[in-house]
Amino acid sequence: MGERVTGVDVVTSFERERPRLVRIAGRLLGDHAEAEDIVQLAWLRLARADDAAIDSLPAWLTTVVTRLCLDRLKAAVPRPLEPGDPEHPDRASLDRASADPGPSEEAVLADSMGAALHVVLDRLTPSERVAFVLHDLFSVEFATVADILDCLPATARKLASRARAKITGAGDTGEQADWLVVDAFLAAARHGEFTRLLELLAPDVVVTGDPVAVRVGTPSRIAGRDAVAEFFNGAAAAALPVFVQNRPGAAWFDRGEARVAFDFLVTDGLVRRIDFRADPDVLAGLRRRRGGDRR
């Protein structure tokens with residue numbers, strides 16, 4: 001059991017968590033005002049809760065905020081549910097891991113993912129949206145996603161898979177889907193999530209560097225999923241999201257100046273090639289974009 005937090009400590013702890021909670025709600029709802037409203041509701045629930053039973057306040061608040069967002073998403077997008085649907089009440093009752101699941105692990109989400117994310121997410125059901133955002137974009141374990149959605153981990157995995165298929169299969173959002181893959185890859189690299197890197201890389205992935213990039217220290221060539229994942233694991237901390245000739249990519253900046261562009265080729269939801277490009281003409285054409293996981 002965690003240490004009990006009471007009185008002024010609760011207020012201080014909540015205010016420390018507030019910016020992160022607003023980011024979580026904002027990513028799921030796509031509306032800052034609604035996100036603030038959700039976080040205020042979470043505060044009211046905390047004020048009524050038995051704080052002695054809360055093992056981890058950040059985890060408890062994450063669960064409450066995500067579930068409040070899920071309720072709002074379901075209320076905003078009514079749709080008929082059929083037997084066999086993971087969101088159908090009969091299916092949910094069979095999938096519950098327990099009658100009163102405990103708080104989830106903390107899911108620390110991105111500061112800013114941009115408006116394009118919500119164009120893509122609007123194609124998903126509420127539960128698909130939660131499963132995809134938490135797992136695919138921010139590497140939250142399926143056990144945690146299942147706890148929040150009140151289902152089995154296998155069901156959460158299916159929801160994310162179905163969401164992924166809808167996104168990658170949407171012809172008019174191909175660039176946006178590529179953008180999600182690029183930012184998910186950079187987030188996994190930055191936080192040393194080796195398994196997630198492997199999931200995002202094609203088996204025959206290749207990394208190359210142009211002559212200028214090699215002179216500033218990039219490798220000339222890396223081939224194969226394992227080798228590329230090992231190279232990027234724990235790296236890319238200074239990479240910021242950009243457009244490289246209108247393709248979603250990233251760039252390493254030094255004192256505000258782009259030094260090396262990461263030019264991604266994404267096919268069928270997997271990274272198949274990354275070119276390190278430091279040619280001055282390429283760097284001059286970079287455009288910053290909103291996105292990226294800045295935990």
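Couple of notes before you dig in:
- Looking across segment 206-233 at every residue that is assigned to a loop (DSSP other than H, G, I, E, B) and open to solvent by less than 50 Å² (accessible area, probe 1.4 Å), the one that is farthest from Asp275 (Cα to Cα) is identified as Gly224.
- Candidates are the residues of segment 14-44 that are within 28 Å of Asp136 (Cβ to Cβ) and exposed (fewer than 14 other Cβ atoms within 10 Å of the Cβ); the one that is modelled with the lowest pLDDT is His32.
- Residue match in segment 2-13 (condition: within 20 Å of Leu149 (Cβ to Cβ), open to solvent by 60 Å² or more (accessible area, probe 1.4 Å) and modelled with pLDDT of 85 or more): no
- Every residue from segment 58-98 that is closer than 15 Å to Leu149 by Cβ, at pLDDT 85 or above, of a type outside the set (S, T, N, Q) and surrounded by 15 or more Cβ atoms within 10 Å (Cβ to Cβ): Val64, Val65, Arg67, Leu68, Cys69, Leu70, Arg72, Leu73
- Of the criteria (1) closer than 22 Å to Ala237 by Cα; (2) modelled with pLDDT under 80, which one Arg196 fails: (2)
Quick grid of which residues meet (1) touching a residue at least 12 places away in the same chain (Cβ under 8 Å); (2) in contact with an Asp or Glu (Cβ under 7 Å, 6 or more places away or on another chain):
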residue	(1), (2)
Ala187	yes, yes
Arg196	yes, no
Glu199	no, no
Thr208	yes, yes
Arg221	yes, no
Arg225	yes, no
Ala229	yes, no
Phe232	yes, no
Pro248	yes, yes
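- Asp55, sole failed condition from (1) surrounded by fewer than 21 Cβ atoms within 10 Å (Cβ to Cβ); (2) part of a helix (DSSP H, G or I): (2)
- Only listed residue being at pLDDT below 90, of a type in the set (D, E, K, R) and touching a strand residue (DSSP E or B) at 6+ places or on another chain (Cβ under 8 Å), chosen from Arg290, Arg272: Arg290
- The one condition in (1) over 20 Å from Phe185 (Cα atoms); (2) in a strand (DSSP E or B) that Val282 fails to fulfil: (2)
- Residues satisfying the stated conditions in segment 234-258, i.e. surrounded by 13 or more Cβ atoms within 10 Å (Cβ to Cβ) and in a loop (DSSP other than H, G, I, E, B): Gly234, Ala235, Ala236, Ala238
- If you go through segment 144-158 and keep only what is assigned to a helix (DSSP H, G or I) and either open to solvent by 10 Å² or more (accessible area, probe 1.4 Å) or not small (Gly, Ala, Ser) (or both), you end up with Thr144, Val145, Asp147, Ile148, Leu149, Pro153, Ala154, Thr155, Arg157, Lys158.
- Total residues in segment 245-259 satisfying the condition of being touching a Phe, Trp or Tyr at 6+ places or on another chain (Cβ under 6 Å) and within 14 Å of Gly217 (Cα to Cα): the figure is 1.
The values are calculated or read from the model by the stated rules, or taken from the named source; none is laboratory data. If you're wondering where the values come from, they're calculated on a predicted model, not measured in any experiment. Glycine gets a Cβ as well: all are built from the backbone with ideal geometry, and neighbour counts include every protein chain shown. Surface accessibility is based on the protein's heavy atoms, side chains included, excluding ligands, DNA and RNA. Shrake-Rupley method; radii C 1.70, N 1.55, O 1.52, S 1.80 Å.
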